[in-house]
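Worksheet for the structure shown next.
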Amino acid sequence: MPHDRLLVIVEDDTGFARTLKRSFERRGYEVLLATGRDELVVLLKDHSPGYAVVDLKLAGVSGLACVELLHAHDPAMLIVVLTGYASIATAVEAIKLGACHYLAKPSNTDDIEDAFSKAAGDAGVALTERPTSIKTLEWERIHETLADTGFNISETARRLGMHRRTLARKLEKRQVK
């Protein structure tokens, strides 16, 4: 199947995936859906999409494995990673593994399609003068450590040098998805 307008969406939130699918279909794309890596492997046996949208957090596992799989399948594929919990560490890893862009949710079809068209990057992009807040840096460190420990809260708390209940309260305020 030609991949000029074939898009695969890897998203475990079925409502969001259906909404994205309908929106892209209205723009002339043929859309395939997968909820995780296993479904994606099956899809890639019969299809060769030119575009992919991958959620970073898929039912307890990282979408980065899907990015790596997609890039290995076709290095020319344009892959956009979506996440509700953006961090510098995961953005860098997504790009290293083959994503062309990394977008924080909420992102719509326009944002994603713009990201596909800006795959080459722009060295002239304006630098922001706003420094990163302490809360954002703390959350990025917590999220990075959570991912490193396989989302084990007790081990994450130990590595961060904080009480497990303190970490649990912080996670309740800003849930990892």
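Every read-out reported here was derived from the displayed coordinates using simple, explicitly stated rules and does not represent laboratory data. Keep in mind it's a predicted model, so treat the numbers as computed, not measured. Methodologically, a virtual Cβ is constructed for each residue, glycine included, from the backbone with ideal geometry; neighbour enumeration extends over all protein chains shown.
Beyond a 30 Å Cα-Cα separation, which of these cross-linked pairs lie in this structure: 57/170; 21/96; 105/170; 21/118; 118/173; 57/118?
Flagged as over cut-off: 118/173.
Once you wrap a convex hull around the alpha carbon atoms of the chain, what is its projected area averaged over all directions, in nm²? All intermediate terms of the calculation are to be shown ahead of the outcome.
Details: hull surface 44.0 nm².
It is 11.0 nm².
Quick one, what does Rg over Rh come out to for segment 1-78 if you take C-alpha atoms and the Kirkwood Rh?
On the Cα set of segment 1-78, Rg over Rh gives 0.93.
Scale the Cα Rg of segment 134-173 by the rule-of-thumb value 2.2 N^0.38 Å and send over the ratio, two decimals.
Values: Rg = 9.0 Å, N = 40, 2.2 N^0.38 = 8.9 Å.
Rg over 2.2 N^0.38 Å, computed on Cα atoms: 1.01.
Using only DSSP helix segments of four residues or longer, with each worth -39500 (n - 2.57), what per-residue ellipticity at 222 nm results for the chain after dividing by its residue count and rounding to 500?
Values: 8 runs with 85 residues, N = 177.
Taking each H run of at least 4 residues, the total per residue is -14500 deg cm²/dmol.
For the chain, give the magnitude of the charge dipole about the Cα centre (Cβ charges: +1 Lys/Arg, -1 Asp/Glu; no others), in debye to the nearest 20.
880
Students often check this: by mean Cβ neighbours within 10 Å, which of 44-54, 13-23 ranks highest, and how do the rest follow?
Highest to lowest by the protection proxy: 44-54, 13-23.
What list of ³J(HN,Hα) values in whole Hz, one per residue of segment 79-92 in order, does the Karplus curve 6.51 cos²θ - 1.76 cosθ + 1.60 (θ = phi - 60°) give from phi, with Gly and Pro shown as x?
Karplus-based 3J(HN,Hα) across segment 79-92 equals 10, 10, 9, 10, 8, x, 10, 5, 9, 5, 4, 6, 5, 4 Hz.
Using modelled amide H (1.01 Å from N, peptide plane; none on Pro or chain starts), what sits under 5 Å from the amide H of residue 32, excluding residues fewer than 5 places away?
So residue 32 has HN proximity to 7, 8, 9.
At 0.36 nm per residue, and after removing the present C-alpha to C-alpha distance, how many nm does the segment from residue 170 to residue 134 gain when stretched out fully?
11.6 nm is the gain from fully extending residue 170 to residue 134.
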